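A.B. asks: Below: one structure in structure tokens.
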Amino acid sequence: MTALLSASTEVDAGRRVFAPRTDAFSRRIGVRATIVTVASLLAAIAVGVFALTLGDAPFSPGEVLTTLLGFGDPRAELVIIEWRLPRVLAALVFGIALGIGGAIFQSLTRNPLGSPDVIGFDAGAYTGALIVITTMGISVASTAAAALAGGAATALLVYLLAFRRGFTGFRLIIVGMGSPRCWRR
């Protein structure tokens, strides 16, 4: 079995792509998308390191990097690794998750401007949370569950209203845009 790797730079529909090929693998990798992804990743890392320098006990970026590599003093390890790093990592992970969720939503609706507020999912989530807050009291778990249930119920209702002899993304957007605005009046 020879797995000879050949790679070429090609133009595919006006975009420059890198195309590595082996006997069992072939993939087209967009050069621009790769550059943007790597640049975004480096920017996120730089912002994360900068965020680790801020606080009541300020540290220089050099101190942060040496502490992250395991050569910092115990005080810096406590503040940077134990206290600040979990929050910075959580912020980065949540931001990535929101970006992925938005990309999935836009690809499902085939609308580059699509967001949950266009179809009315947010109005259902707000309504579910509002009902629980005003009637049962304020509990984080019950409020989150009610918001999820309200958003899901709205999604189901919009889907059922948009379904007529098949399903199209355009009909979903139109029904979703019209329905929450009518419900609010």
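A.B. asks: Tally time: how many residues in the stretch 118-127 are closer than 15 Å to residue 175 by Cβ, in a helix (DSSP H, G or I) and not hydrophobic (A, V, I, L, M, F, W, C)?
C.D. replies: 1
A.B. asks: Here's a follow-up. Considering the stretch 33-70 alone, what residues qualify as being among the small types (Gly, Ala, Ser) and over 18 Å from residue 86 (Cβ atoms)?
C.D. replies: Step one: of the stretch 33-70, the residues among the small types (Gly, Ala, Ser) are 33, 39-40, 43-44, 46, 48, 51, 55, 57, 60, 62, 70.
The answer is 33, 39, 40, 43, 46, 60, 62.
A.B. asks: For residues in the stretch 25-69 being among the basic types (Lys, Arg) and part of a loop (DSSP other than H, G, I, E, B), which is surrounded by the most Cβ atoms within 10 Å (Cβ to Cβ)? Write out each step before concluding.
C.D. replies: Taking the stretch 25-69 first, the residues among the basic types (Lys, Arg) are 27-28, 32.
Checking the rest, the ones that are also part of a loop (DSSP other than H, G, I, E, B) come to 27-28.
On the way: 27: 10, 28: 12.
Per the criteria, the residue is 28.
A.B. asks: Determine the pairs where a residue that is free of Cβ contacts under 8 Å to residues at least 24 places away in the same chain, located within the stretch 82-111, has a partner that is part of a helix (DSSP H, G or I) with Cβ atoms under 7 Å apart, the partner being 6 or more residues away or on another chain.
C.D. replies: The qualifying pairs are 105/116.
Rundown of residues vs (1) over 30 Å from residue 68 (Cβ atoms); (2) in a helix (DSSP H, G or I); (3) more than 21 Å from the chain's Cα centre (by Cα); (4) modelled with pLDDT of 75 or more, yes/no style:
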site: 101; (1), (2), (3), (4): no, yes, no, yes
site: 129; (1), (2), (3), (4): yes, yes, yes, yes
site: 155; (1), (2), (3), (4): yes, yes, no, yes
site: 165; (1), (2), (3), (4): yes, no, yes, no
site: 171; (1), (2), (3), (4): yes, yes, yes, no
site: 179; (1), (2), (3), (4): yes, yes, yes, no
site: 185; (1), (2), (3), (4): yes, no, yes, no
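A.B. asks: Criterion first (at pLDDT 90 or above and closer than 30 Å to residue 63 by Cβ) does residue 91 satisfy it?
C.D. replies: yes
A.B. asks: Right, here's the next one. Residue under question is residue 19, and the condition is that it be of a type in the set (A, V, I, L, M), out of contact with any His (no Cβ under 9 Å at 6 or more places or on another chain), in a strand (DSSP E or B) and modelled with pLDDT under 90; does it hold?
C.D. replies: In short, yes.
The values are calculated or read from the model by the stated rules, or taken from the named source; none is laboratory data. These numbers were taken from a predicted model, which means no experiment stands behind them. Cβ sites come from the backbone with ideal geometry, for glycine too, and all protein chains shown count toward neighbours.
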